[in-house]
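First comes the structure, then the notes that go with it.
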Amino acid sequence: QVQLVESGGGLVEAGGSLRLSCAASGRTFSNYVMGWFRQAPGKEREFVAAIRWGTGSTRHADSVKGRFTISRDNAKNTGYLQMNSLKPEDTAVYYCAVTASWVLTGTASDYNYWGQGTQVTVSS
C-alpha cells in the first residue's frame with residue numbers, strides 16, 4: 001500500500017506563491033507516476049501536473065503551464081508542486097496521487113492512491 005501526506009496549503013494573495021509537498025511511503029516510486037489534481041466546489045476534479053518518478057519527465061496542464069512546476073526528490077520520496085503567480089481561480093482543494101501507469105496521465109480515474117487533499121485559497 002501507498003500512503004501520501006500533503007502539506008503546504010494555505011491562504012495567499014493573488015500573485016503570491018505556495019509550495020505543496022507530498023510525502024510518499026509504503027514502497028519505492030521509481031516505476032510510478034505522481035500527479036497533482038485540484039477540485040473547486042461544484043467542479044470536476046482537474047488535472048494539474050504529473051511527473052514520472054524514475055525519469056523526472058513532466059507534464060503540466062495548459063491552465064498552469066509557466067506558473068506551476070512539478071518536481072520530486074527521490075531520496076526523500078517527496079513530490080512538490082511549486083505554484084507561482086497564483087490567481088483566484090486557482091482556489092481549490094489540491095490532491096496528490098500515484099499510479100502504476102507509465103503514461104503521464106491526466107485522468108483522475110487512472111490513479112490508484114490519493115492524499116487527503118490540502119486547501120489552497122487565493123484572495124483578490
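Heavy-atom accessible surface of the chain, averaged per residue, reaches 48 Å², computed with a 1.4 Å probe.
Couplings for region 109-124, taken from phi via the Karplus curve 6.51 cos²θ - 1.76 cosθ + 1.60 with θ = phi - 60°, read 5, 7, 8, 9, 10, 9, x, 7, x, 9, 7, 10, 10, 10, 8, 8 Hz in order; Gly and Pro are left as x.
Tally up the carbon and sulfur contribution to the accessible surface of the chain as a whole percent, 1.4 Å probe, everything protein left in place. Walk me through the intermediate numbers first.
Working: 2760 of 6000 Å².
Percent of accessible area from carbon and sulfur atoms in the chain: 46.
Measuring how big region 19-108 is from its alpha-carbon positions, Rg and Dmax come out at 12.5, 37 Å.
Compute the label zone of Leu11 within region 92-107: residues whose backbone N is under 18 Å from the point 7 Å along Cα-to-Cβ. Backbone N within reach: 92-94.
Would you tally the net charge around Ser17, using a Cβ to Cβ cut-off of less than 15 Å, leaving Ser17 out, and scoring K and R as +1, D and E as -1? Write out the running numbers ahead of the final one.
Numbers: positive: Arg19, Arg67, Lys87; negative: Glu13, Asp90.
Local net charge: +1.
For region 22-124, the list of GluC sites (Glu not before Pro) that fall in a loop by DSSP and count at most 11 other C-beta atoms within 10 angstrom reads Glu44. The Thr55 and Arg19 beta-carbon pair, evaluated with R₀ = 25 Å, returns a calculated FRET efficiency of approximately 0.70.
A Förster distance of 25 Å, applied to the separation of the beta-carbon atoms of Ser124 and Ser30, puts the FRET efficiency at 0.05. A convex hull fitted to the Cα coordinates of region 5-72 yields 112 cubic angstrom per residue. The trypsin sites (Lys or Arg not before Pro) of region 40-124 that meet both conditions, a loop assignment by DSSP and at most 11 other Cβ atoms within 10 Å of the site Cβ, are Lys43.
The values are calculated or read from the model by the stated rules, or taken from the named source; none is laboratory data. From a predicted model like this one, the values you see are computed outputs, not experimental measurements. In this analysis, Cβ positions are derived from the backbone assuming ideal geometry, glycine residues included, and neighbour counts consider all displayed protein chains. These area figures cover heavy atoms from the full protein model, side chains too; ligands, DNA and RNA do not enter into them. Shrake-Rupley method; radii C 1.70, N 1.55, O 1.52, S 1.80 Å.
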